[in-house]
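See below for the structure under consideration.
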């Protein structure tokens, strides 16, 4: 058994589902329960927070939230507000809600870390049986500049969000272990 277990909860906005070229695949995953639909035209950040609160009832402990500081303003503010309602002070929230710079310098080491965890003779990382894992990993391409690597989409319509989230999670883990200094 791995030392880390990766699972995901994935969402799509109803309006996006109507227009995406990946609609047949997404509809299959919705039917199978792998992908959830957010009604309307914009994503409601309360939906994943409600799901997190539900998981908390079953003993899931939340340690940190890594996020892309260029993309996540509304969902992150919603998470911070939610954590505040739980009685956490601003300093604790700042430690839990962690911006992950989406740079070659940051991603380079994390890509190597994930490769090691997956390819090690005794895998350190195991994945849930969610079919989006292999699909999203297959949509990744690694761009290399001056021996530094970063994950990018293989094509504009491809999705790699949960692979990015996994890398953000390892950034948060490494930060908590003192391997990254901020």
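Every number in this text was worked out from the coordinates using simple rules, so none of it is lab data. The shown structure was predicted, so the numbers you read here are calculated from the model rather than taken from an experiment. With ideal geometry, Cβ positions are generated from the backbone for all residues, glycine too; neighbour counts draw on all protein chains shown.
Quick one: Cα centre-to-centre distance for the stretch 151-175 and the stretch 1-38, in angstrom? Rounded to whole Å, the Cα centres lie 15 Å apart.
Per the helix-only calculation at 222 nm, which mean residue ellipticity applies to the chain, given -39500 (n - 2.57) for every DSSP H run of n ≥ 4 and division by its residues, nearest 500 deg cm²/dmol?
Values: 8 runs with 86 residues, N = 182.
Calculated at 222 nm, the ellipticity per residue is -14000 deg cm²/dmol.
Find the percent of Cα-Cα distances in the stretch 1-48 that exceed 14 Å, and round it to a whole number.
Details: 614 of 1128 pairs.
Percent of Cα pairs beyond 14 Å in the stretch 1-48: 54.
Tell me, in nm to one decimal, what length is gained between residue 81 and residue 9 on full extension, where the rule is 0.36 nm per residue of separation less the Cα-Cα distance? If you can, show how the numbers build up before the last one.
On the way: separation 72, 0.36 × 72 = 25.92 nm, distance 2.09 nm.
That works out to 23.8 nm of additional length.
Working from Cα pairs under 8 Å separated by at least six residues, relative contact order for the chain is 26 percent. By the equivalent-ellipsoid construction on the alpha carbon gyration tensor, the stretch 53-123 comes out with semi-axes of 27, 18, 10 Å, ordered largest to smallest.
Could you tell me what a quarter of the Cα convex hull surface of the stretch 118-182 works out to, in nm² with one decimal place? Could you put the intermediate results ahead of the total?
Working: hull surface 24.5 nm².
Projected over every direction and averaged, the Cα hull of the stretch 118-182 covers 6.1 nm².
Give the calculated FRET efficiency between residue 71 and residue 120 to the nearest 0.05, with a Förster radius of 25 Å applied to their Cβ-Cβ distance. According to the calculation, E is roughly 0.20.
Report for the chain the percent antiparallel among DSSP-assigned beta bridges with both residues inside it, nearest 5.
Working: 6 of 16 bridges.
Restricted to the chain, the bridges split so that about 40 percent are antiparallel.
Within the stretch 12-93, the proportion of Cα pairs with more than 17 Å between them is 59 percent.
Above 19 Å lies some portion of the pair distances; for the chain, what is it as a whole percent of all C-alpha pairs? Before the final figure, lay out the partial values.
Values: 10493 of 16471 pairs.
Result for the distance tail: 64 percent.
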